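K.L.:
If you scroll down you'll find the structure; I have some questions about it.
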Amino acid sequence: MLSLNILLNCFLALSLNVNAAAILKRDDDQNNYIYANLTDSDNSFLIDLSVGSDSQNVSVIVDTGSSDLWFPSNDNPYCQNSSSNTTEISSDDQIDCSEYYSFNPSNSDTFHKNGTEFKGEYGDDVIADGYYGQDSISIAGSDLPTVNFAVSNLTNSTYGHLGLGYPIMEAAENVTSDYEYTTFLQQLVDDGKILQPAYSLYLNPDAPKILFGAIDKKKINGPLYELYIVPTQLINGDDVGTLTNIAISMNHLSYMNGDNTNVIGGGYYPVVLNSALDYHVFPKDFVDAISQSLNLEYSEEDYYYIDCSEIQEGNFLIAFQGAEFDVPATSFFQEIVNEDNRGTGVCYFNVEQTDNEFITMGSQFLQNFYTVVNLHQNKIGLAYAAEANDEDIEVIENDIGDTVYPEYDDHYGKGHSTFSFFDHETLSFSETASYSAPAQTASSTTSTRNVGAVAQKSTSLSFIAILFSLLV
């Protein structure tokens, strides 16, 4: 009996630091996962689907920032040589709609149009108008007899999207509240293909993959941190808002280059993870603070730039709930090329400015990580990505997997909605640059938290960081 108590105590002690999740080993008879290869097309990651009774091959963008599966129609007037092309669309605006990028519903005997309008809006001013319907789809050899999706007969996008977000982000919500449908991810659960609405992204450009319903431990380098999915907008200032985007809570941001460390800011701020964007979206306060920290130059063509050599060794230290990650500065810049498509040695800050009060990190950021999304548990798993060709797959039965809890349980939400920027010239906080969640009532308040202790790497933070923590 004594030995049993010892074993129980050891188990409890281990569980304080590591979440021993309910996971299943690979079963050849019932895998409960789908592993699919992706294709990197200029930082847009495509997945191949077989659609309809005639098995039309259609490639779509894997999109964690939306929730609809949709395909461009073959009669889209934006397509080159389309029978529906009109003089209203110039040749400069026409796109390549090859057989692998569009869907012809007339060629499928099993397609059913339900008459509900589809109206989607995406980054880069992409529009997608059309209608909803159902048909069979095959993904990585796994057949789904009935899947809801949209067909866009008016879109300026070459590719459709496979939306993997929350159902509340369905485009039908913008058109009518009467039409609710099962998303592609939930359909995988309903058809018994996976156990939870969960997936893992490995966006290594050399061999990108998506794993539905499981994690591949060989693709993980270091601890897999378990983070809360947080709202991007709060209700009544401090109350917890509805979960809409796949977003996590950032509590520290620094820039490191050589022996120098510039603390940019700290507090609580939502960061949306969007695999469909090949750029990032930051509010003006962040653009201003980062451009100051990196001494970026401003162009009259409305972008910031720097000599590429200046950022080759630079890293951003980003902490999510206290879990620290070094992200290469090159993940936020692109080299400017000349007319001959040759590099100029000048890199522009690959960020668009927004009035939204949340950050959006695109595929350039996600390529550094192995990202696990579990919409049932409202959790994200985040770890450095490993370069590996072999596999060690564990099915997600309930929780994400063998994860490590981050240092802080506090995150953006109720009582935690302030982010302050560091003024490098005066070594004090700039009150005018502090972020507060959008308040809808006069009684709304925000709280400020000491974020100086967030970065625990003693080798990465300079005396400025210590002073920063004392000022909060």
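Every number in this text was worked out from the coordinates using simple rules, so none of it is lab data. Bear in mind the structure is a predicted one, so any value in this text is a computation, not a measurement. Quick reminder, even Gly has a Cβ in these numbers, built from the backbone with ideal geometry, and neighbours come from all protein chains shown.
K.L.:
Using the alpha carbon gyration tensor of the stretch 203-336, what are the three equivalent-ellipsoid semi-axes (square root of 5 times each eigenvalue), largest first, in whole Å? Walk me through the intermediate numbers first.
P.N.:
Numbers: eigenvalues 137, 93, 51 Å².
Working through the eigenvalues yields semi-axes of 26, 22, 16 Å.
K.L.:
In nanometres, what is the gap between the two model label sites at T344 and E310, each 7 Å from Cα along Cα-to-Cβ?
P.N.:
So the two model labels end up 1.5 nm from each other.
K.L.:
Right, here's the next one. Once the piece of chain linking K113 and E397 is laid out straight, how much longer is it, given 0.36 nm per residue of separation minus the C-alpha distance between them?
P.N.:
Numbers: separation 284, 0.36 × 284 = 102.24 nm, distance 3.45 nm.
Answer, rounded to one decimal: 98.8 nm.
K.L.:
Placing one identical point scatterer on every Cα of the stretch 115-212 and ignoring solvent, what is log10 I(q)/I(0) from the Debye formula at q = 0.11 Å⁻¹?
P.N.:
Normalising to I(0) and taking log10 leaves -0.37.
K.L.:
Is there a quick way to get the dipole size of the stretch 32-194? I mean about its Cα centre, with the Cβ of Lys and Arg at +1 and of Asp and Glu at -1; what is the value in debye to the nearest 20? Kindly include the intermediate steps, with their values, before the conclusion.
P.N.:
Values: 3 positive and 26 negative charges, 76 e Å.
Magnitude of the dipole: close to 360 debye.
K.L.:
Remind me, relative contact order of the stretch 192-274 in percent, using alpha carbon pairs under 8 angstrom and six or more residues apart?
P.N.:
Working: 110 pairs, mean separation 15.8, N = 83.
Relative contact order here is 19 percent.
K.L.:
By per-residue mean of other Cβ atoms within 10 Å, what is the highest-first order of 38-47, 130-139, 332-341? Walk me through the numbers on the way to the answer.
P.N.:
Numbers: 38-47: 17.6, 130-139: 20.0, 332-341: 12.8.
Peptide ranking by packing, descending: 130-139, 38-47, 332-341.
K.L.:
Could you quote the convex hull projected area for the stretch 32-194, Cα atoms only and averaged over all directions, in nm²? Could the numbers behind the result be given before it?
P.N.:
Numbers: hull surface 37.6 nm².
Result: a mean projected hull area of 9.4 nm².
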